Amino acid sequence: MKLKRHGAVLAMVAAGALALAACGSNPTPPGGAGGGTSSGPAAACGGKQNLSAEGSSAQKNAIDVFVQAYQAKCPGSNVAYNPTGSGAGVKQFNAGLVDFGGSDSPLNAANGEVAAAQARCKGNPAWDLPMVFGPVALGYNLPGVTDLVLNGETTAKIFNGTIKTWNDPAIAALNSGKQLPAQAINVIYRSDQSGTTDNFQQYLTAAGKGAWTQKAGKTFNGGVGTGSQGSAGVAQAISSAPGTIGYIELSYAQDNKLAMAQLDSGSGPVGLTGDSVGKAIAGAKVTGQGNDLRLDLKSVYGGNTAGAYPLILATYELVCSKGYDPAVAQAVKAFLTTAATDAQAQLPAAGYAPLPADFQQKLLTAIAAIS
């Protein structure tokens, strides 16, 4: 299985401030003794030989890394992951059609996802385990324009159609000295149910200064643009058509060599770098109870931390706390343990941030409790 290489931006994320605010203590920087790259406890290999999973396309490249490490640790074992989007991942997990799901948003109690997951888990709670952290790029195709700067308000107005052309005064004010064309803006969005869409719209709500009234959710609510299926589809649509812009995970933006906008939250433009992503992740808070490790990123999206790139997401593996068949529970625990330990050193090269050391321990505690 060939891994995509994305070290240019995130190879240094391990040196960033990756301590989650709710975890309480300072991790050892990766590259030293900690930082989420240790081999950790040995995975108890065995159980179901071929696990099935489905969901977030944002984590597809990370899952590739995890599966390689799992196969090396537990020869003969495998995980078949279908990157159909977070909405599909939740539905397939709750229907009992896959062993675990992948979603860029935690299970939602308001729309019945939490209750459906508990029913699928034979009356036991499902847990949201954030295994993958990564930034979302605003990829654009505007020949001759480099280092485009946007902020939350202008981005919100672009994605709801209030700003229609690239030389709009609001964009021009953020890009002094740049020659912006009088060209129509073509928004590209995810046509499928997507946790990336949900996180992006949460960012627009928090950072848009009231310009985004369309709310969040896994369906794009902006009412403009052209929809494309999956992260790969959005990236390909942007790369093939000048005048386009879309929200896309870093690895897909890099694969397609897309220009990526800088974001200004009020302290000056911030590009997408390892250090700026690390500063943003440091502001995330754990709001779940016990071994349910759901995060609140609203303070990151609406914050104004100097040097922080605010548009990030966490991808959760959706698992049953109890209720699995014993063979499934054993294999799920072995895979996730390996993903949280042995595989972490390879994540920066694939476009993701490794787990903070303290948060890694919280995950390992939760994984060990699965039954």
Subject >> Pick from the stretch 92-103, criterion more than 16 Å from the chain's Cα centre (by Cα) and more than 13 Å from A119 (Cβ to Cβ), ranking: surrounded by the fewest Cβ atoms within 10 Å (Cβ to Cβ) >> reply: L97
Original post:
Cβ-Cβ below 8 Å, separation at least six or inter-chain, first residue in the stretch 226-243 and closer than 21 Å to Q183 by Cα, second part of a helix (DSSP H, G or I) and acidic (D, E): which pairs?
Top reply: A235/D255
**OP:** Return the residue satisfying two criteria in turn: it lies in the stretch 182-211 and is without any contact (Cβ under 8 Å) to a residue 60 or more places away in the chain and assigned to a loop (DSSP other than H, G, I, E, B), and of such residues it is nearest to E249 (Cα to Cα).
**Re:** S191
**OP:** Tell me which residues, restricted to the stretch 302-340, are hydroxyl-bearing (S, T, Y) and either in a helix (DSSP H, G or I) or under 16 Å from the mean Cα position of the chain (by Cα) (or both).
**Re:** Y309, T315, Y316, T337, T338
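Let me confirm something: among G227, G233, G208, G223, which residue is surrounded by fewer than 22 Cβ atoms within 10 Å (Cβ to Cβ) and under 25 Å from G302 (Cβ atoms)?
None of the others qualify; the one that does is G223.
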Original post:
Which members of the stretch 258-301 meet the condition of being among the polar types (S, T, N, Q), surrounded by fewer than 18 Cβ atoms within 10 Å (Cβ to Cβ), assigned to a loop (DSSP other than H, G, I, E, B) and touching a Gly at 6+ places or on another chain (Cβ under 9 Å)?
Top reply: S267
Subject >> Checking G268 against (1) at pLDDT below 95; (2) more than 13 Å from L129 (Cα to Cα); (3) not assigned by TED's automatic domain parsing to the domain that holds C74, the condition it does not meet >> reply: (1)
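The values are calculated or read from the model by the stated rules, or taken from the named source; none is laboratory data. Owing to the predicted nature of the structure, the values given are computational and were not obtained by experimental measurement. Glycine also receives a Cβ, built like all others from the backbone with ideal geometry; neighbour counts cover every protein chain displayed.
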